[in-house]
Amino acid sequence: MSNTDTAPAEVACTHTDFAGVLHAREVPLGGPRAMLVRRTLPQRDRSMIGAWCFADHYGPTDIRTRPGMDVPPHPHTGLQTVSWLFEGEIEHRDSAGVHAMVLPGELNLMTAGAGIAHSEVSTGRTTILHGVQLWVALPDAARDTDRDFAHHVPPARTGDGATVRVFLGELAQSCSPVHTFTPLLGAQVDLDEGATLTLDVDPAFEHGVLLDRGSIEVCGTTLAVADLAYQAPGRTQLHLANRGAGPARSILLGGPPFTEELVMWWNFVGRSHDDIATYRELWQGHGARFGEVHGYHGRIPRLPAPPLPGGRLKPRPRPSG
């Protein structure tokens, strides 16, 4: 998924000491009449959880009477995109020649590496569109890796009123075979009404719980829909409880703190202003770095990059402690 802001803010992805709950802001996907998404990461208080650097939550949206998702070909660098749906169907095309469908409960992971372009369009069979779109920053040693794509259908592990689907990493005796360039955890956790769940987690990881529906209490804090609760490294367990009337569903993200400084602007992840300026120039100039997406028949052939801000993009210094 693209960041379609016409004046995207510079995001300096660095460590902060924030611990608590992040509240999402609404962003139109593709213009003021387009579908709204709720963006939780990045924020000034906390830009990353492990290598997770971007989190959009959207729906449930009835797209029979309003625009759905139609994101023209757009570029990415230095990251992996993780698509995860609860309802609906999205058609994915990319410049590596992949044509695939994003379906509920099935992971699609695209590696941008040095550069890729892709499009995303909700299909005519879709009535309700509902899911999350996530980005993972690549470490410096892998940020110029080759384009790639992976698909995985994780099994559902059910017991004691909880269902866990691990799409990346390892949790609750489930392990995803999908390759990542840093240790990561990504899972959907469903809780029946009144259910509680204690998960054994890696104490080297920081974790985030993004609430999709219902009411979940995370380590004593009750979340609203689209809230993301943060748990710092050092703990060996994560406690979840459904405090609402009806089922609850959340996305659990985790990974060791990402220690490299990044600059993220629009759809690019780099290490400096010059990186970002070069990526933008190559995209605007139709450079071969990003390739071509074939088969997209939307309103415009490719998404133009917005102008760079007036000053130089730079990462913030890490806080002490």
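The values are calculated or read from the model by the stated rules, or taken from the named source; none is laboratory data. Here the structure is a predicted model, which means the values were calculated and not measured. No Cβ is skipped: glycine too gets one built from the backbone with ideal geometry, and neighbour counts run over all protein chains shown.
Values for this structure:
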read-out	value
Some residue of segment 65-85 being under 15 Å from the mean Cα position of the chain (by Cα), farther than 26 Å from Glu260 by Cα and modelled with pLDDT of 95 or more	yes
Residues within segment 106-164 that are surrounded by fewer than 18 Cβ atoms within 10 Å (Cβ to Cβ), small (Gly, Ala, Ser) and within 26 Å of Leu240 (Cα to Cα), tallied	3
Lone qualifier among Ala204, Ala187 - being surrounded by fewer than 23 Cβ atoms within 10 Å (Cβ to Cβ) and either in a loop (DSSP other than H, G, I, E, B) or not basic (Lys, Arg) (or both)	Ala204
Test: residue in segment 269-276 that is within 30 Å of Thr222 (Cβ to Cβ), at pLDDT 95 or above and not in a loop (DSSP other than H, G, I, E, B)	no
Selection status of Asp45, among the acidic types (Asp, Glu), closer than 30 Å to Glu206 by Cβ and not in a strand (DSSP E or B)	yes
Cβ-Cβ under 6 Å pairs, at least 6 apart or on other chains, segment 219-238 side under 19 Å from Thr196 (Cβ atoms) and charged (D, E, K, R), far side at pLDDT 95 or above and surrounded by 15 or more Cβ atoms within 10 Å (Cβ to Cβ)	Asp227/Leu211
Residue that is more than 29 Å from His273 (Cα to Cα), in a strand (DSSP E or B) and out of contact with any Cys (no Cβ under 7 Å at 6 or more places or on another chain), where the choices are Gly97, Gly131, Gly124	Gly131
